[in-house]
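Written out below as structure tokens is the structure these notes cover.
The values are calculated or read from the model by the stated rules, or taken from the named source; none is laboratory data. A quick note: this is a predicted structure, and the numbers were derived from the prediction, not measured. No Cβ is skipped: glycine too gets one built from the backbone with ideal geometry, and neighbour counts run over all protein chains shown.
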Amino acid sequence: MQVMDIMKKEKSKEKRRLKRYTERCETEFTAYNTTYRGLSDNFSLNGFFIRTIHLLPPGKIIDILIHLPDGSISQLKGKVVRDVETLFEKQTGTQKYVHNGMGVEIIEKDINYLHFVRSLLERK
């Protein structure tokens, strides 16, 4: 294994310092004066993943509304840290994208999000 490969592997471990929790929540996010919809999951205290076909570039700051399981809404500000677009071909030769989405780092969170994450921690 090359030194660079080892460094990349260690760096990817650093990105996930906090445990992730699966809970799917409807999400709206706004960028470029347009609101998009997605489905969030893979939550931690400092970030989550938004499944969406509306990918934004890493570094883009977005306003986010998460519809939480208890009926409340969390209003956040986040930064896109990665985008994922997985391509596969069906046997017919047509192409389809799956698992599209963005990893988001939360840069401003509200009390509703903190309560939500605490409830996830208490379940595990």
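Taking region 51-71 as the range and being under 18 Å from Asp110 (Cα atoms) and either part of a strand (DSSP E or B) or out of contact with any helix residue (DSSP H, G or I) (no Cβ under 6 Å at 6 or more places or on another chain) (or both) as the test, the residues that pass are Ile61, Ile62, Asp63, Ile64, Leu65, Ile66, His67, Pro69, Asp70, Gly71.
The number of residues in region 47-59 being of a type outside the set (Ser, Thr, Tyr) and either within 10 Å of the chain's Cα centre (by Cα) or on the phi > 0 side of the Ramachandran plot (or both) comes to 6. Residues that are over 13 Å from Phe49 (Cα atoms), assigned to a strand (DSSP E or B) and not aliphatic (A, V, I, L, M) were ranked within region 86-124; the one that is modelled with the lowest pLDDT is Tyr97. Put simply, of Ser72, Ser40 the only residue that is modelled with pLDDT of 95 or more, surrounded by 12 or more Cβ atoms within 10 Å (Cβ to Cβ), among the small types (Gly, Ala, Ser) and out of contact with any Cys (no Cβ under 9 Å at 6 or more places or on another chain) is Ser72.
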